[in-house]
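Working notes, structure below.
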């Protein structure tokens, strides 16, 4: 069974996640946006206290607020950073991304391994299916656990809203189509962890999200 720990971090209140396999203690870190020293200390303490074994960093996408802590985690635990190839240009532009919003960003080393739709990410006895959902970012993916009825949605969908589509590579119609065709067929009781804000369910968003009803 997968255990999810959410950390709300950096000035953009981004949700960084640690997903761990409760049996083996192996874990993955998703969208590590740890920007301040105290945020980095908090996640290190959580991993140590729970005797977790980090094995991968996997990103839904690579906008700057989701990669602020990638190199800290990569260097601390000597683990690879995985993301979709179509978002590699965002990693290359990490410093410039930060400048756009008046944040000081350090360069981020390139993606170690590319992931793509249909791939399975394994940690311990748990696994996540990769689903490519562009529209917010060209390389945006989500991670789905059928067994745990869990969807890590990044900035594709939020409680009552959707991700912005006005950044390079974004497209409103593409995002809406992908949500309806790729995510809405999943079970209504699938719990959704968003890149910002509270959790939701797919069933709630089908019925209540003004962008999708």
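From the list 177, 120, 165, exactly one residue is out of contact with any helix residue (DSSP H, G or I) (no Cβ under 8 Å at 6 or more places or on another chain) and touching a residue at least 24 places away in the same chain (Cβ under 8 Å). Which is it?
177
Examine the range 195-206 for a residue that is part of a loop (DSSP other than H, G, I, E, B), in contact with a strand residue (DSSP E or B) (Cβ under 6 Å, 6 or more places away or on another chain) and buried (at least 20 other Cβ atoms within 10 Å of the Cβ), and state whether such a residue exists.
yes
Please go through the range 67-111 and pick out each residue that is in contact with a strand residue (DSSP E or B) (Cβ under 6 Å, 6 or more places away or on another chain) and surrounded by 14 or more Cβ atoms within 10 Å (Cβ to Cβ).
Residues satisfying the conditions are 70, 73, 74, 77, 79, 81, 82, 84, 111.
Just to verify a result, which residue in the range 11-65, among those that are assigned to a loop (DSSP other than H, G, I, E, B) and out of contact with any strand residue (DSSP E or B) (no Cβ under 8 Å at 6 or more places or on another chain), is modelled with the lowest pLDDT?
If we take residues in the range 11-65 being assigned to a loop (DSSP other than H, G, I, E, B) and out of contact with any strand residue (DSSP E or B) (no Cβ under 8 Å at 6 or more places or on another chain), then 11 is modelled with the lowest pLDDT.
Pull up the range 151-162, narrow it to residues that are over 13 Å from the mean Cα position of the chain (by Cα) and outside any loop (DSSP other than H, G, I, E, B), then point me to the one that is nearest to residue 119 (Cα to Cα).
162
Check residue 188 against each of (1) touching a helix residue (DSSP H, G or I) at 6+ places or on another chain (Cβ under 6 Å); (2) in a loop (DSSP other than H, G, I, E, B); (3) in contact (Cβ under 8 Å) with a residue 40 or more places away in the chain and name the one condition it does not meet.
(3)
Can you tell which of 103, 143 is in a loop (DSSP other than H, G, I, E, B) and touching a residue at least 24 places away in the same chain (Cβ under 8 Å)?
103
Being in a strand (DSSP E or B), touching a residue at least 24 places away in the same chain (Cβ under 8 Å) and within 14 Å of residue 70 (Cα to Cα) is the requirement here; does residue 83 meet it?
yes
Would a scan of the range 180-197 turn up a residue that is over 28 Å from residue 1 (Cβ atoms) and modelled with pLDDT of 95 or more?
yes
Residues of the range 23-33 being crowded, with 24+ Cβ neighbours inside 10 Å and either without any contact (Cβ under 8 Å) to a residue 40 or more places away in the chain or at positive phi (or both), which ones?
31, 33
The values are calculated or read from the model by the stated rules, or taken from the named source; none is laboratory data. Note that this is a predicted model, so its numbers are computed, not measured. In this analysis, Cβ positions are derived from the backbone assuming ideal geometry, glycine residues included, and neighbour counts consider all displayed protein chains.
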